């Protein structure tokens, strides 16, 4: 199994497009052992998690 030392950064793309759902679906099916950082609106990612009926947990980093 591939283990990465550094996280993989993924940009969400258009919030009203299919990118967020594809990201969630792809990360659920991952076979490699790595952490991903999704760059975008956390509310949109949460919605994509709900749409995909995922149990994925996210950790938000907010820019105050």
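Percent relative contact order of the chain, based on C-alpha pairs within less than 8 angstrom and at least six residues apart?
On the way: 63 pairs, mean separation 25.6, N = 64.
Normalised by residue count, the contact order of the chain is 40 percent.
Can you give the FRET efficiency to the nearest 0.05 for residue 36 and residue 16, using r as the Cβ-Cβ distance and R₀ = 22 Å? Walk me through the numbers on the way to the answer.
Numbers: r = 22 Å, r/R0 = 0.98.
Using R0 = 22 Å, I get an efficiency of 0.55.
Could you work out the helix-only [θ] at 222 nm for the chain, with each DSSP H run of four or more residues adding -39,500 (n - 2.57) and the total divided by the number of residues, to the nearest 500 deg cm²/dmol?
Numbers: 2 runs with 20 residues, N = 64.
Theoretical 222 nm ellipticity from helices: -9000 deg cm²/dmol.
Would you mind computing Rg(Cα) / (2.2 N^0.38 Å) for the chain, counting N as its residues? Don't skip to the end; give the middle numbers.
On the way: Rg = 11.8 Å, N = 64, 2.2 N^0.38 = 10.7 Å.
Scaled against compact globular proteins, the figure is 1.11.
FYI, it's all coordinate maths here, none of it is from the lab. What you see is a predicted model; the values in this text were computed from it and never measured. FYI the Cβ positions are ideal-geometry reconstructions off the backbone, even for glycines, and counts take in every protein chain you see.
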